[in-house]
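Asks: Sharing a structure here in structure tokens format.
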Amino acid sequence: MRKPMIAGNWKMNLLYSKVPEYLQTLNRELAANSRIRRDAVDVLLAVPAPFLGLAREYGEKHGILIAAQTIHEKPEGAFTGELSIPMLKDLGLRWTLIGHSERRQYYNETDASVAAKAKACLDQGINPIVCVGETRAEREGGQTEAVLKRQVEAVLRETGAASNFVIAYEPVWAIGTGLTATDEQAQEAHAFIRGILRQKLGGAAEALRILYGGSVKSSNIKGLMKQPDVDGALVGGASLDPVEFARIVDCQ
Ligand code: PEP
């Protein structure tokens, strides 16, 4: 039985000064609304680096996990603007996204660099949420499975038997576009990814969570979560409103 995870990704949005209000509202909504037991779902927020310490202070005491949006694979050095794993751990944090399609698209992250980041995380006790997904052109060209296989296998080659990560399947054409994969498209891709994990990791693959991401809202989360291989969601735009984000947690 895999524990569902609902993760928010603020990207480069909101402000430091708004973090306490956001998290107080989210905590209040989660406490007030929850149909489901609060400890039956992991709720996580990936926030901009300058907000990490404050978000931890207001979030983690209420059981909301706080994550970075990316990390550098090297522990220290001349990498201006980057965030290291020791810095994240020093803040008491244990989670990060890696390989988000926006990082791949705008910052030249590759399968190899994402795999190196995943390995560095696992070696140093950080839980990575590894993002994978095909572009519209790749889907239309019948390349979806080949792309997912290439992206997932690149990570598995580096991390081997220690592959204890969360995967987020995020079709690039569904991110921030209002287009969501249908429940069936999501299940198909998730089942395919789990098949790759199974080939490399055997029974351990059954314990790994695969989140769906791409224009998730409270109005479409239910159908997605009914799919047997969808173990949660990575939510961008809709996570910026704590009331809507709490609804998504509550609806799943
Ligand atoms: C994301 O950026 O991870 C994402 C899924 O965004 P959105 O929900 O806005 O499509």
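The values are calculated or read from the model by the stated rules, or taken from the named source; none is laboratory data. The structure presented is a predicted model; accordingly, all values stated were derived computationally and were not measured. FYI the Cβ positions are ideal-geometry reconstructions off the backbone, even for glycines, and counts take in every protein chain you see. Each accessible area value is taken on the protein alone, full model and side chains, heavy atoms only, with ligands, DNA and RNA left out. Shrake-Rupley method; radii C 1.70, N 1.55, O 1.52, S 1.80 Å.
Asks: Take the alpha carbon gyration tensor of segment 3-111, find the square roots of its eigenvalues, order them as a ≥ b ≥ c, and report rounded if a/c is under 1.5; if not, report prolate when a/b exceeds b/c, else oblate.
Replies: Note, shape of segment 3-111 comes out prolate.
Asks: Let me ask you something else. Cα to Cα, under 20 Å, and not fewer than 8 places away if on the same chain: which lysines meet these conditions relative to K18?
Replies: Answer for K18, where 20 Å is the Cα cut-off: K61, listed by chain and number.
Asks: While we're on this one: Could you calculate the contour length gain from N164 to H62, that is, 0.36 nm times the residue separation minus the distance between their Cα atoms, to one decimal place in nm?
Replies: 34.2 nm
Asks: Let me ask another. Give me the orientation-averaged projected area of the Cα convex hull of the chain, in nm², one decimal.
Replies: 12.4 nm²
Asks: Okay, next question. What percent does the relative contact order of the chain come to when contacts are Cα pairs within less than 8 Å and at least six residues apart?
Replies: 22 percent
Asks: Give the cross-link partners of K226 among the lysines, using a straight C-alpha distance below 17 Å as the criterion and excluding same-chain residues fewer than 8 apart.
Replies: K3, K217
Asks: Per the helix-only calculation at 222 nm, which mean residue ellipticity applies to the chain, given -39500 (n - 2.57) for every DSSP H run of n ≥ 4 and division by its residues, nearest 500 deg cm²/dmol?
Replies: About -12000 deg cm²/dmol.
Asks: Given 0.36 nm per residue, what is the gain on full extension from K18 to K74 after removing their alpha carbon distance, in nm?
Replies: Contour length minus Cα-Cα distance gives 17.1 nm.
Asks: While we're here: Please list, ordered by chain and number, the residues whose modelled amide H lies under 5 Å from the amide H of A233; skip anything fewer than 5 residues away on the same chain.
Replies: M5, I6, A7, Y212
Asks: With every protein chain left in place, what is the accessible area per residue of the chain in square angstrom, probe 1.4 Å?
Replies: Here the per-residue accessible area is 45 Å².
Asks: In the chain, what percent of the accessible surface is made up of carbon and sulfur (1.4 Å probe, ligands and nucleic acids excluded)?
Replies: With neighbouring chains kept in place, the figure for the chain is 52 percent.
Asks: Can I ask one more? At 0.36 nm per residue, minus the direct Cα-Cα distance, what do A146 and K222 gain on full extension? Give it in nm, one decimal, please.
Replies: Stretched fully, the A146-K222 segment lengthens by 24.5 nm.
Asks: Under 22 Å between alpha carbons, and skipping anything fewer than 8 positions from K119 in its own chain: which lysines qualify?
Replies: Those lysines meeting the cut-off are K74, K89, K149, K200.
Asks: Here's another thing I want to ask about it. Report the label-to-label distance for E184 and R157 in nanometres (one decimal), using points 7 Å from each Cα along the Cα→Cβ vector.
Replies: It is 3.5 nm.
Asks: Then there's this: In whole Hz and in residue order, list the ³J(HN,Hα) couplings for segment 200-209 that follow from phi through the Karplus curve 6.51 cos²θ - 1.76 cosθ + 1.60, θ = phi - 60°; x for Gly and Pro.
Replies: Rounded to whole hertz, the list is 8, 10, x, x, 4, 5, 5, 8, 7, 8.
Asks: Are there trypsin sites (Lys or Arg not before Pro) in segment 1-70 that DSSP marks as loop and that have at most 10 other Cβ atoms within 10 Å, and which are they?
Replies: When the trypsin sites (Lys or Arg not before Pro) of segment 1-70 are filtered for loop state and at most 10 Cβ neighbours within 10 Å, R35, R37 remain.
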